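Here's the structure, in structure tokens; my notes come after.
The values are calculated or read from the model by the stated rules, or taken from the named source; none is laboratory data. Because the structure is a prediction, the values reported are computed rather than measured. We place every Cβ from the backbone using ideal geometry, glycine too, and count neighbours over all the protein chains shown. All accessible areas refer to the heavy atoms of the entire protein, side chains included, with ligands and DNA or RNA removed. Shrake-Rupley method; radii C 1.70, N 1.55, O 1.52, S 1.80 Å.
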Amino acid sequence: MTILHVDSSINGDGSMSRALSHAVVAHLAALSPSQTVVRRNLAAEPLPHLARAGVENAPVLEEFLAARTIVVGAPMYNFGIPSQLKAWLDHLAVPGKTFRYGAQGPEGLCGGRRLIVVSTRGGIFSAGSPYAAFDHQEGHLQAFFRFLGITDITVIRAEGLAMGEEAQQRSVEAAKAQIQTLAA
Ligand SMILES: Cc1cc2nc3c(=O)[nH]c(=O)nc-3n(C[C@H](O)[C@H](O)[C@H](O)COP(=O)(O)O)c2cc1C
């Protein structure tokens, strides 16, 4: 079984979403040591934007399809996901491979996989907060992967990271505690 670890922050080793997504992978790998981990750092090795319909990056798609668990480090950039991460999504949405349309509408073809999103952001956008409607990051990822048929989705969130040291520490500790509760 393979864990695909994808991250997308431009902050290199200082990235919180990278550190937390790494902690998720380390936790899962410790629970099931036989799993293989495949890493894709979308900031270090950006994928090209789609240039022509029907010309996707087949190895990127195969890598995704081969994974049973996908862990995605996703910081919020300008209320959405980093463009590097969006470019990856664009290579995964392939009709006939990951979804199809029929008389009943869309059908996702990627069921049976587990997705863990590590969401980080400077401000606070959780449900009920005044800026909840500005969140086009977590909702985008959840909608996209649900469309592909993935229903087992967990979000590990560290937010308020730019709102002072205390808020940051509290949020990161809560995210780390949540990671420790993840089942194999
Ligand atoms: C280019 C850029 C855009 C950002 N836009 C937002 C934003 O719209 N809202 C927000 O709360 N934080 C924003 N931030 C702050 C990041 O979300 C926060 O620092 C990040 O989630 C931490 O993750 P990282 O350390 O993995 O990069 C932005 C940061 C960068 C670098």
- Query: Taking region 32-69 on its own, how many of its residues are in contact with a strand residue (DSSP E or B) (Cβ under 9 Å, 6 or more places away or on another chain) and of a type in the set (Asp, Glu)?
  - Reply: 1
- Item | Residue tally, condition outside any loop (DSSP other than H, G, I, E, B) and either open to solvent by 70 Å² or more (accessible area, probe 1.4 Å) or among the hydrophobic types (A, V, I, L, M, F, W, C) (or both), over region 23-45 | 12
- Message: Just to be sure before I move on: is Leu20 away from the ligand (no atom under 16 Å from the Cβ), touching a residue at least 60 places away in the same chain (Cβ under 8 Å) and assigned to a helix (DSSP H, G or I) in the structure I sent?
- Response: no
- Task: From Gly111, Gly122, grab the single residue that is assigned to a loop (DSSP other than H, G, I, E, B) and farther than 27 Å from Arg170 by Cα.
- Result: Gly111
- Item | Any pair with Cβ under 9 angstrom, 6 or more apart, that starts in region 72-92 at a residue that is among the acidic types (Asp, Glu) and ends at one that is more than 8 Å from the ligand (Cβ to nearest atom) | Asp90/Leu47; Asp90/His49; Asp90/Leu50; Asp90/Glu56
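Yes or no, residue by residue, for (1) open to solvent by less than 30 Å² (accessible area, probe 1.4 Å); (2) within 14 Å of the ligand (Cβ to nearest atom); (3) at pLDDT below 95:
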{"residue": "Val71", "(1), (2), (3)": "yes, yes, no"}
{"residue": "Tyr77", "(1), (2), (3)": "no, yes, no"}
{"residue": "Arg100", "(1), (2), (3)": "no, no, no"}
{"residue": "Leu109", "(1), (2), (3)": "no, no, no"}
{"residue": "Gly112", "(1), (2), (3)": "no, no, no"}
{"residue": "Gly128", "(1), (2), (3)": "no, no, no"}
{"residue": "Ala133", "(1), (2), (3)": "no, yes, no"}
{"residue": "Ile153", "(1), (2), (3)": "no, no, no"}
- Message: Is it the case, given these coordinates, that Ala167 is over 29 Å from His91 (Cβ atoms) and open to solvent by 40 Å² or more (accessible area, probe 1.4 Å)?
- Response: no
- Query: Can you find even one residue in region 2-15 that is in a loop (DSSP other than H, G, I, E, B), open to solvent by 40 Å² or more (accessible area, probe 1.4 Å) and closer than 26 Å to Gln169 by Cβ?
  - Reply: yes
